[in-house]
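These notes concern the structure reproduced below.
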Amino acid sequence: MRHLFSLALWAACSASAQEEVPFITTPDQVTLAMLQIAAVGPADHVIDLGSGDGRIVITAAKGFGASGLGVEIVPDLVQQSLANARRAGVAARVDFREQDLFRTELGRATVVTMYLLPEVNLQLRPRLLALAPGTRIVSHDWDLGDWAPDRTLNIDVPDKAIGREKLSRVHLWTVPAPVQGLWCSAGASLQITQRFQTFSAVLSERGAAAPLVVFDGRINGAALTGTGLHAAALQWRGTALNPTLSAALLPAAANAWIGRNFVRAGPAGC
Ligand SMILES: C[S@@+](CC[C@H](N)C(=O)[O-])C[C@H]1O[C@@H](n2cnc3c(N)ncnc32)[C@H](O)[C@@H]1O
């Protein structure tokens with residue numbers, strides 16, 4: 001029953017995406033801006049969700065040396081993309097598949113690009129947030145709700161096919177390490193409250209009545225940096241299942257904890 005419900009829900013989601021996200025190409029100057037803002041390079045694997053005629057993935061390969069995958073629900077567009085890739089001389093580095101973007105495995109992506117719709121972006125958001133810390137997400141025009149972008153560019157597009165503004169927005173997010181929760185080291189605990197790419201942390205020594213330090217900061221991929229008066233630099237390492245946090249810099253009162261590894265608390269706490 002539950003399985004049937006999930007299938008029905010998935011069918012509803014994909015049908016709405018297919019019906020509601022029409023084929024509209026990203027203009028060339030916006031494609032370039034999307035790849036530049038993500039600093040795409042030869043080490044990157046770019047996945048374009050709803051790849052249309054393949055232009056974003058093909059430009060990533062031809063102009064930036066990346067490899068890539070485009071997934072597209074319309075068969076003719078997939079064939080057109082494969083032909084365009086051959087013409088551009090990048091067929092060996094890119095692939096295009098007739099595939100639903102909601103059923104696409106994203107784990108290999110270092111960069112995900114999208115020109116979809118706000119509600120489709122929101123449906124994808126949990127899966128984007130679960131990608132490896134440091135993965136860049138770039139969206140043409142639409143945002144990801146209350147997950148604020150790290151950067152936004154406004155680009156004049158006088159001949160834009162849709163909208164009255166004749167302007168394209170390019171938004172960039174870097175997937176933050178998942179650091180929410182309690183972390184433990186011998187003799188200390190670190191309680192982190194995370195909201196997307198911002199955090200606040202409370203470092204306490206075991207048995208002490210009051211916290212040693214409280215500091216806030218921003219998360220850029222695997223790197224946590226203190227903001228305001230509290231200099232702090234922590235690094236997330238490992239995997240989602242087995243992560244560690246270590247500090248290269250902490251507010252002065254907590255200097256003794258620099259270089260220690262913090263691991264996730266078990267069910268019984270630290
Ligand atoms: C606005 S176009 C963007 C095309 C291309 N990414 C670009 O920026 O030029 C969106 C594309 O998503 C495709 N699409 C819509 N729903 C999809 C789905 N569920 N899975 C895969 N592709 C889908 C549409 O057919 C269309 O080609």
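When segment 136-165 is filtered for residues that are part of a loop (DSSP other than H, G, I, E, B), under 20 Å from the mean Cα position of the chain (by Cα) and within 16 Å of the ligand (Cβ to nearest atom), the ones remaining, listed by number, are ASP141, TRP142, ASP143. Only residues that are under 21 Å from the mean Cα position of the chain (by Cα) and of a type in the set (Gly, Ala, Ser) were counted across segment 53-85, and they come to 8. Identification of strands (runs of 3 or more DSSP E) wholly contained in segment 30-135 with 2 or more residues that are over 17 Å from PRO149 (Cβ atoms) and in contact with a Gly (Cβ under 7 Å, 6 or more places away or on another chain) yields 45-49, 67-72, 94-98. Quick one: ASP216 ticks every box in (1) charged (D, E, K, R); (2) under 30 Å from LEU153 (Cβ atoms); (3) touching a Leu at 6+ places or on another chain (Cβ under 8 Å) except a single one, so which number is it? If we test ASP216 against (1) charged (D, E, K, R); (2) under 30 Å from LEU153 (Cβ atoms); (3) touching a Leu at 6+ places or on another chain (Cβ under 8 Å), just (3) comes out false. Residue check: is PRO178 over 14 Å from VAL57 (Cβ atoms) and touching a residue at least 60 places away in the same chain (Cβ under 8 Å)? When the stated conditions are applied, PRO178 passes them. Evaluate the following for SER189: is it surrounded by 14 or more Cβ atoms within 10 Å (Cβ to Cβ), outside the structural domain of PRO133 (by TED's automatic domain parsing) and of a type outside the set (Phe, Trp, Tyr)? Judged against the criteria, SER189 is a match. Scanning segment 106-118 for residues that are away from the ligand (no atom under 12 Å from the Cβ) and in contact (Cβ under 8 Å) with a residue 60 or more places away in the chain, we see that the one that is nearest to TRP236 (Cα to Cα) is THR110.
The combined condition, being more than 20 Å from GLN197 (Cα to Cα), of a type in the set (A, V, I, L, M, F, W, C) and in the same structural domain as THR193 (by TED's automatic domain parsing), is fulfilled by TRP257.
Please determine whether any residue of segment 93-105 is closer than 20 Å to VAL175 by Cα, within 15 Å of the ligand (Cβ to nearest atom) and among the acidic types (Asp, Glu). Yes, segment 93-105 has at least one match. Given the condition within 14 Å of the ligand (Cβ to nearest atom) and touching a His at 6+ places or on another chain (Cβ under 8 Å), answer yes or no: does some residue in segment 57-78 qualify? Yes; the residues of segment 57-78 include at least one that is within 14 Å of the ligand (Cβ to nearest atom) and touching a His at 6+ places or on another chain (Cβ under 8 Å). Within segment 156-181, being of a type in the set (Val, Ile, Thr) and exposed (fewer than 12 other Cβ atoms within 10 Å of the Cβ) holds for one residue alone: ILE162.
The values are calculated or read from the model by the stated rules, or taken from the named source; none is laboratory data. The shown structure was predicted, so the numbers you read here are calculated from the model rather than taken from an experiment. Reconstructed Cβ throughout: ideal geometry from the backbone, glycine too, with neighbour counts over all protein chains shown.
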